[in-house]
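Values in this text are rule-based calculations from the coordinates and carry no lab data. Worth saying up front: this structure is predicted, and the values here are computed from it rather than measured. Cβ placement follows ideal geometry from the backbone for every residue including glycine, while neighbour counts extend to all protein chains displayed.
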Amino acid sequence: MTDVRALFDPSFHEAERAHELLARLRADHPVVECPPLDPEQPFRSWVVTRHADVLAVTKDASTFRAHPPIDMEGMPRQINMTDPPEHTALRRLLAPAFTPKAVAAMASGIRDHATALAQGLRERGQGDFVKDVARELSMRALCRLLGLPDADVAFLCDRVEAMTHPTDPEFVRPRCPPEVSAGLAWRELGFYLARAYARPRPGGLLALLAGSDAAGVPLTADERMHFGWLLLDAGYTTVVGAIGGAARVLLDHPDELSRLRHDPSLVETAVEEGLRWTSPIVHFSRWVAEETVLGGVKLSPGERVQVLFPSANRDERAFADPFRFDAGRTPNPHLAFGAGAHFCVGAPLARLQLRVVLEELLMKLDLEPAGTPRVIRSAVNAGLKSLPVRLKPAA
Ligand code: HEM
């Protein structure tokens, strides 16, 4: 059997080999110890691959904590690495930006943008669905959410990609070691965010965070900055992965796309299936707080569990025929957004963007693949960096 550590090797994901290993782990070793990637690692680490076990871990915030059991003195609190009650307060702070009303207010802007992007593809007759559509659409939506100018989209896409994908040479600056390149992008985004926080646009999410004292959840300047970095990463990289991956699978399965065109009422289930299929976040960690048994394996306090979302979403025990893309799949209890206390706060906005891409681009334009899609070399984010497409010649 391939070493479990391959799951943390970016090239293994780039070569799209992970699902084969994950299927074998689900069958034979659903909770398996992962030998340390770093010989100095002072704790045991487990990989969790079945849907039921991933759900159990993510829903039980008292046994499986988000905060590592080490002294993180000096490290600012980050929402994804805190536990209740701190975590609950940070969620409360973000909540107003993601209410159904707030997200609905963004819909027409996103739809107009998608229509313009579709028009661009129509006029050129060809393009790259990731570079010309997914990146543009998701970063502009994020800018509107945060209260940043549309004019900064290109700068932000470039720096966020350099920060989040240092394992892919295409996102590393020339003549720069990967960690230096990612660090430079991180710093540039830091300067950018500091300026944005100094004069936040009223109504934007950065203004909410800047006014955290008044909301009764005071943040330090450092915590505010980390929130900014986190939102830029979490709100962009994932959506690009979902849009690019959904476009790819639909273009590869024209029967499913034509089913959707003939029955647009399937768009909601198609969005969920796109999320299940793409699972843009590969894994997340939790820390065992008290002795427990998971998948028949005894886990002890201080140990780490890594839940593999793409594996849970292809689990034969939870989904009939999981390797088939079914635009009408019902039910679809996918875990692409996680579950429990840390369930993705941006899910309504991500769903809206995916829906609009289906309705305004994939269902309206007659596209076909025009080259080989290229996968990002990353063990953290699943997604494409390129998906060449062209309009089909008129029949
Ligand atoms: C398809 C797109 C997306 C996917 C697949 C996704 C996936 C996830 C997952 C799996 C988690 C939970 C991690 C855990 O269990 O610890 C999460 C949390 C989070 N997501 Fe998303 N996300 C997406 C879009 C977004 C967007 C658009 C935003 C914001 C603009 C966002 C912001 C966040 C934040 C702030 C958290 C941390 C929540 C917490 O710890 O309570 N995400 N996301």
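Things to note:
- Stretched out straight at 0.36 nm per residue, the stretch from Phe155 to Arg44 would grow longer than its current Cα-Cα span by 36.0 nm.
- Scanning the chain for trypsin sites (Lys or Arg not before Pro) that sit in a DSSP loop and have at most 12 other Cβ atoms within 10 Å, the longest stretch containing none of them is 1-174.
- At q = 0.07, 0.10, 0.11 Å⁻¹, base-10 log of I(q)/I(0) for the chain (Debye sum, equal scatterers on each alpha carbon): -0.32, -0.67, -0.83
- The chain: relative contact order as a whole-number percent, Cα under 8 Å and 6+ apart: 28 percent
- Straightening the chain between Phe343 and Gln78 buys 93.9 nm, computed as 0.36 nm per residue apart minus the Cα-Cα spacing.
- Of the GluC sites (Glu not before Pro) found in the stretch 311-381, those in coil by DSSP whose Cβ has at most 15 other Cβ atoms within 10 Å are Glu316.
- Cα-Cα P(r), the stretch 119-193, percent of pairs per 5 Å interval: 3, 15, 21, 20, 18, 13, 6, 3
- Efficiency of FRET between Thr88 and Ala6 - r from beta-carbon atoms, R0 45 angstrom, step 0.05: 0.75
- Over the stretch 33-164: Rg over Rh, Cα atoms, Kirkwood Rh: 1.07
- Secondary-structure-derived ellipticity at 222 nm for the chain, considering helices only, amounts to -13500 deg cm²/dmol, per-run term -39500 (n - 2.57) for DSSP H runs with n ≥ 4.
- Hull volume in cubic angstrom per residue (convex hull over the Cα atoms of the stretch 121-248): 127 Å³
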